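One structure below.
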Amino acid sequence: MSEQTPLEFEREKWRDEYELRKHEIELKERDTSRSRWSSPLVLAVLAAAVAAGGNALVTWLNGQQARDLEETKAEAARILEVIKTNDTEKAAANLKFLVDAGLISDANRRRNVENFLAHRPAGQGPALPFPGVSLQQEKIVQQQKMSPAVSAEVLRLLRVYPDPDAIERLRLLLPEDTFRQLLPGEIQPQSHGAPPR
């Protein structure tokens, strides 16, 4: 090996040092970029973001399901309410109204109701009694030879029983024996002196 001059030696030393530092910088850059994603802080932030996104999705799904459940309950309540007519034909007309007005939003349920109405024999189908009126009271009213309007009024008054005004109105509308059959606990002298029937 030939002897190097001090200047060449210094130049070689600086070149080697330059290459070494360049290589160190490249390694640090690679290490820094790799460690940026594997840093505990970055991983914690990413995990929190994923958890927040998951919670938001679950909350949204629960809200949708709760809304769907409430809508189903509301539709069921509407259907139940419209068949509380004590008349199958009126109940069918009310169900048709719900379908035509779009108040039954579930497509499957709407198809089922439409299919039921299309294939229902006349005079048959669901009809619930008026609320507050027992089946026995309803049967007694039906056995009487009253006009439909008077029957409906009697049933309406029975729904608000034991309102004293309703009791007195029933005394006026009904023969005494029918009144006693309908409201056996109310057999007392007439307080307003209503004319005997």
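The values are calculated or read from the model by the stated rules, or taken from the named source; none is laboratory data. Note that this is a predicted model, so its numbers are computed, not measured. No Cβ is skipped: glycine too gets one built from the backbone with ideal geometry, and neighbour counts run over all protein chains shown.
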Residue match in region 50-70 (condition: more than 30 Å from GLU153 (Cα to Cα), outside any helix (DSSP H, G or I) and not hydroxyl-bearing (Ser, Thr, Tyr)): no
Within region 35-92, tally of residues that are in contact with a Gly (Cβ under 9 Å, 6 or more places away or on another chain) and closer than 17 Å to ARG109 by Cα: 3
Within region 77-126, tally of residues that are closer than 25 Å to VAL154 by Cβ and surrounded by 12 or more Cβ atoms within 10 Å (Cβ to Cβ): 16
Contacts under 9 angstrom Cβ, first residue in region 44-72 being assigned by TED's automatic domain parsing to the domain that holds ARG109, partner modelled with pLDDT under 95 and part of a helix (DSSP H, G or I), 6 or more apart: LEU46/TRP37; THR72/ARG109
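Table: residues versus (1) exposed (fewer than 10 other Cβ atoms within 10 Å of the Cβ); (2) at pLDDT 85 or above.
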site	(1), (2)
LEU7	yes, no
GLU12	no, yes
ILE25	no, yes
GLU29	no, no
Region 104-130: number of residues that are closer than 21 Å to THR72 by Cα and assigned to a helix (DSSP H, G or I): 11
